[in-house]
1. Consider the stretch B:1-55. How many of its residues are surrounded by 15 or more Cβ atoms within 10 Å (Cβ to Cβ), within 19 Å of residue A:99 (Cβ to Cβ), more than 7 Å from chain A (Cβ to nearest Cβ) and of a type in the set (Asp, Glu)?
2. For the stretch A:80-118, how many residues meet the condition of being exposed (fewer than 14 other Cβ atoms within 10 Å of the Cβ) and either part of a loop (DSSP other than H, G, I, E, B) or β-branched (Val, Ile, Thr) (or both)?
3. Can you tell me which residue within the stretch A:52-62, out of those that are surrounded by fewer than 18 Cβ atoms within 10 Å (Cβ to Cβ) and more than 8 Å from chain B (Cβ to nearest Cβ), is farthest from the chain's Cα centre (by Cα)?
4. Test residue A:145 against the stated conditions and say whether it is within 22 Å of the chain's Cα centre (by Cα) and surrounded by 17 or more Cβ atoms within 10 Å (Cβ to Cβ).
5. Out of curiosity, is residue B:61 among the β-branched types (Val, Ile, Thr) and either assigned to a helix (DSSP H, G or I) or modelled with pLDDT of 95 or more (or both)?
Amino acid sequence: MRKFKIMFDKDKEIEWLDEMCRKGWAVKRFKYGLYTFEPCAPGEYIFDTDLNDKGLYVSQSYRDLLEEMDIEFLCSSGFWFLVRRKAVLGPFELYTDYESKIAQYRRIRNMFKGGAVLELLLMYIELGIFALKHEPMALILGILLLVMFFVLFKAALTMDDRLAVLKAKSEGEDVNCIMAQRMQKVRKMLMVGVVISCLGLLKIFPSPFSDLLAGAGTGIELVALIIFGWRKRSRNMI
Amino acid sequence: MEQDLPLTESIFYILLVLHRPLHGYGISKEVEEMTHGRVVLGAGTLYGAIKNLLKKRWIQIYKEEEDARKKKEYILTEEGKCIFEEEVKRLGSMLQDAKRRNYEKV
């Protein structure tokens, strides 16, 4: 059986794969959102996923360690790989303490963040091409890149929420307190955006610089507002 | 050296069992047995820790078997031993303080 599903939240993905396994379908491999399942005894395996330690592939020494620990390497696609272990061997997670979980979520968040920034830069280039040459293709690409930016940015924020919860747990702090601190940071970011765009609008600098400043300021404000809205929403869920 | 302490629980136990050479799986098995399952080292946690400890030179590769199935064994370096001793001293004095406080109360 095959299923197509694009997911940007590894915890939700594993939850889904474990649920499928309880129904008697064990995932065998995945590629670009296409998951291939094979029949299994209900609940036979527990799954987990991790970033490749070498970027696009998994090193032999990591594979050896997985094998020694009775963990079956299923496949690697993109930046991720998928593993499973027999459920009879007990609870299974690749990361077992707060410190390593936090480090891992941070890596994932930074990857999404880097991806989002890249999409944004490419979008600016495409929109610049459209403004200069009026090519419709450039506009379509620009819009697509904007959508991708939102998707990756949201994924990064989701990981950031997980990080806040983990940090609160490991340090015995209140999650709400950590979230409030982060809201403070977003407010600061918004202020910086406003100051930059004001500087641009005042036209102190020669023309292209002022316009660029105004544009950059608006961009920062926009991103801050998205984070603000997201945090407001996700706060109720935590 | 001071800023390396306190060690996390996982790192503490990894250094403790690496006073003699062990390969990856041996580390996790021994720690789990020693703590009666209280401290479990997942493969990702363990792999990250080994990489990190090698980089800090607190542990080193003891022996790499020449077979097709390479199994690396690791062991503490002198620096790793020093760090571990420092941490044991620190934990010991914490325990002493706690006990002393207890006696005073009673």
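1. 1
2. 3
3. If we filter the stretch A:52-62 for residues that are surrounded by fewer than 18 Cβ atoms within 10 Å (Cβ to Cβ), which is where we start, we get A:52-57, A:59-61.
Subsequent filtering for residues that are more than 8 Å from chain B (Cβ to nearest Cβ) retains A:52, A:54-57, A:59.
Numbers: A:52: 15, A:54: 18, A:55: 15, A:56: 17, A:57: 19, A:59: 23 Å.
Filtering first and then ranking leaves A:59.
4. Details: within 22 Å of the chain's Cα centre (by Cα): yes; surrounded by 17 or more Cβ atoms within 10 Å (Cβ to Cβ): yes.
Taking the combined requirement at face value, the residue satisfies it.
5. Numbers: among the β-branched types (Val, Ile, Thr): yes; either assigned to a helix (DSSP H, G or I) or modelled with pLDDT of 95 or more (or both): no.
The answer is no for residue B:61.
The values are calculated or read from the model by the stated rules, or taken from the named source; none is laboratory data. Being a predicted model, the structure only gives us computed values, none of them experimental. A quick note on method: Cβ atoms are made from the backbone with ideal geometry, for glycine too, and the neighbour counts reach across all protein chains shown.
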